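In what follows, a structure is listed as structure tokens, so that the remarks can point back to it.
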Amino acid sequence: MRIIDLRSDTVTLPTPKMREAMSNAKLGDDVFGEDPTTNHLEEISAEKTGKQAAMLVPSGTMGNLICSLTHCARAEEVILGNQSHMFHYEAGGMAALGGIHPHIITNQPDGKMLLADIDSAVRADDVHFPRTRLICLENTHNRCSGSVLEPEYCDSAAALAKRRGLSVHLDGARIFNAAVALGIDVQKLTRSADSLMFCLSKGLSAPVGSMVCGSSEFIAEARRTRKILGGGMRQAGIIAAAGIVALEEMVDRLAEDHINAKNLAVGISQIDGLSIDTSKVQTNIIYFDLLQDNRDKTQDNRDKTQDNRDKTQDNRDKTQDNRDKTQDNRHKTDEQFLTKLDEKGIKMLNLGPAHFRMVTHYGIKSADIDITLTALIEVMKGT
Ligand SMILES: Cc1ncc(COP(=O)(O)O)c(C=O)c1O
């Protein structure tokens with residue numbers, strides 16, 4: 001059975017050309033700056049993003065961490081979105097390893113933070129407060145439906161940062177998806193950031209690696225931070241070779257992933273019991289909700305809960321029971337839904353009660369979208 005793995009674009013396997021480039025790569029010791037393939041990847045990464053210099057790192061998480069640690073000293077503060085990857089999924093690295101204080105403000109559904117919110121989060125110069133040092137943006141925004149930040153917004157956030165004496169870091173794990181979705185040169189999205197990280201190992205399909213880009217001075221300092229974290233690699237050209245193919249050959253085809261995601265979303269919007277806002281789908285990430293059974297049961301239990309509110313202590317316990325049952329039902333339904341799809345060879349992620357994510361990528365062809373939609377229809381009909 002063919003497996004259609006829509007959990008993430010990180011499941012992509014290297015292309016045949018990448019494997020060939022990896023086996024033929026010219027190598028040296030990159031910690032000595034002597035790996036020609038890594039040096040070449042760093043040059044083209046800097047050039048494409050319009051920065052003076054770039055550095056290969058093993059992962060996006062390490063790239064973001066290196067940038068936080070390079071920008072900020074202990075007890076300094078970073079302003080970032082409450083839905084950001086750096087806040088949710090990077091194991092609290094900036095706090096654990098850098099003593100950096102995250103200051104969380106609301107991400108709007110389109111992934112932006114309101115400029116007024118950023119402005120009012122910047123600390124006054126007062127001995128009681130941590131010093132604000134950095135603002136982090138995320139483009140595309142993973143938890144906000146893969147939404148795209150436009151250049152005008154990025155430039156305005158950077159102007160605000162400059163006015164308040166701060167730097168801007170861009171978590172651009174999928175920055176090329178944003179550029180392709182907007183049909184613009186990626187430099188329009190990177191020009192206002194003091195540092196950025198982008199991933200080679202997501203939609204661009206390289207097996208390992210992310211790039212940190214910035215001024216020559218910033219990257220020189222970031223190399224020291226990478227070394228502290230144990231991220232200095234030796235014959236890194238093996239992975240850099242795949243990264244070069246990723247940058248040179250895999251960017252334009254991201255448009256295909258975006259079309260597949262949109263078609264998938266439109267298909268889901270026509271299936272009874274599933275709910276999706278297709279207008280939110282701009283790139284390769286889609287989120288949808290499971291309504292059937294789950295919601296009805298939830299609503300039933302909510303009504304019961306309301307009735308019970310007016311009654312005695314005894315009934316309060318029942319209310320609690322009902323809440324637990326609702327929660328249980330949600331988890332059971334989600335699990336059953338995933339298992340039934342899995343039996344049909346379709347994989348996706350459950351990111352909360354009745355809430356699911358699918359990501360299109362190089363390993364997903366347009367025919368897979370039809371197969372996935374058919375499987376979803378069958379599962380919802382119980383066939
Ligand atoms: C927006 C964003 N930033 C950073 C990362 C971290 O990348 P990595 O998995 O390479 O550590 C991810 C990974 O999914 C991501 O989606």
Give the average over all directions of the projected area of the C-alpha convex hull of segment 77-116, one decimal, in nm². 2.8 nm²
Please state the shape class of segment 65-141: rounded when a/c is under 1.5, otherwise prolate if a/b exceeds b/c and oblate if not, all from the C-alpha gyration tensor. oblate
Listed here are the pairs LYS112/LYS202; LYS26/LYS227; LYS26/LYS188; LYS26/LYS365; LYS344/LYS381; which of them are more than 25 Å apart at the Cα? LYS26/LYS188; LYS26/LYS365
Please state the equivalent ellipsoid semi-axes for segment 1-147: what are the square roots of 5 times the Cα gyration tensor eigenvalues, largest first, in whole Å? 34, 22, 14
Counting heavy atoms of the protein chains only and a 1.4 Å probe, report the per residue accessible area for segment 104-166 as a whole number of Å². 46 Å²
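In deg cm²/dmol and to the nearest 500, what is the mean residue ellipticity at 222 nm of the chain if only DSSP H runs of at least 4 residues count, each as -39500 (n - 2.57), divided by the residue total?
Only helices count here, giving -15000 deg cm²/dmol.
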Report in % the part of the accessible area of the chain that belongs to carbon and sulfur, leaving out ligands and nucleic acids; probe 1.4 Å. 49 percent
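Taking square-rooted eigenvalues a ≥ b ≥ c of the alpha carbon gyration tensor, is segment 166-227 rounded, prolate or oblate, where a/c under 1.5 means rounded and, failing that, a/b exceeding b/c means prolate?
oblate
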Report, by chain and number, residues whose modeled amide H sits under 5 Å from the one on GLY146, excluding near sequence neighbours (fewer than 5 apart, same chain). HIS141
Rank these by accessible area, largest first, 1.4 Å probe: VAL208, VAL78, VAL127. VAL127, VAL208, VAL78
Given R₀ = 51 Å, FRET efficiency for LEU351-ALA124 by Cβ-Cβ distance, to 0.05? 0.85
Segment 1-69 shape via C-alpha gyration tensor axes, a/c threshold 1.5: oblate
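Averaging sequence separations of C-alpha pairs under 8 Å and six or more residues apart, then dividing by the length of the chain, give the relative contact order as a whole percent.
In percent, rounded to a whole number, it is 23.
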For the chain, what is the per residue volume of the convex hull drawn over the alpha-carbon atoms, in cubic angstrom? 160 Å³
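Among bridges DSSP assigns within the chain, what percent are antiparallel (round to 5)?
Around 50 percent antiparallel, to the nearest 5.
The values are calculated or read from the model by the stated rules, or taken from the named source; none is laboratory data. None of the values given here were measured: they were computed from a predicted structure. In this analysis, Cβ positions are derived from the backbone assuming ideal geometry, glycine residues included, and neighbour counts consider all displayed protein chains. SASA here: full protein model, heavy atoms, side chains in, ligands and nucleic acids out. Shrake-Rupley method; radii C 1.70, N 1.55, O 1.52, S 1.80 Å.
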